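What follows is a short report on a single structure.
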């Protein structure tokens, strides 16, 4: 990902919102709020993180993976294995 890119700024903004959500969840736990309400917020934060992960994966495929595919050779194979492993981790999470 290019430093300063619009994708990078968007991800930083999303992560800042998620950070706020997590602080809010922490406050809810500290204030002994209703468990189901806390779980709802945890679920929302988890979905938001999944969106960040998918955006990062998409960006990686559009840039790093395509560049490696064009270059061919061992770099291509390494990047394909790397992307497959990352997708596997996302699916299992």
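Numerical summary
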{"read-out": "Cα-projected label distance for residue 17 with residue 46, points at 7 Å along beta-carbon direction, nm", "value": "2.0"}
{"read-out": "Rounded tilt (10° steps) of 35-60 against the dominant C-alpha axis of the chain", "value": "20"}
{"read-out": "Calculated [θ] (222 nm, deg cm²/dmol) that DSSP helices of n ≥ 4 give over the chain, each run adding -39,500 (n - 2.57)", "value": "-28500 deg cm²/dmol"}
{"read-out": "Contour minus Cα-Cα distance for residue 30 and residue 57 (0.36 nm per residue)", "value": "6.3 nm"}
{"read-out": "Proxy reagent accessibility, fewest Cβ within 10 Å first, across 65, 90", "value": "90, 65"}
{"read-out": "Selected from 42, 29, 52 as most flexible by GNM, with the chain as the system and alpha-carbon contacts under 10 Å", "value": "29"}
{"read-out": "Helix 73-92 axis, angle to the chain major axis (alpha carbon atoms, nearest 10°)", "value": "20"}
{"read-out": "Candidate values (1) 23, 21, 11; (2) 32, 14, 11; (3) 35, 16, 7, label of the one derived for semi-axes √(5λ) of the Cα gyration tensor in Å", "value": "(3)"}
{"read-out": "Extension gain from residue 83 to residue 9, taking 0.36 nm per residue of separation minus the Cα-Cα distance", "value": "24.4 nm"}
{"read-out": "Mean separation of Cα contacts under 8 Å (6+ apart) over length of the stretch 6-92, as relative contact order %", "value": "25"}
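Here, each number is a calculation from the coordinates, and none is a lab measurement. Nothing here was measured: the structure is a model prediction, and the numbers come from that model. Note that we place each Cβ from the backbone using ideal geometry, even for glycine, and neighbour counts take in every protein chain shown.
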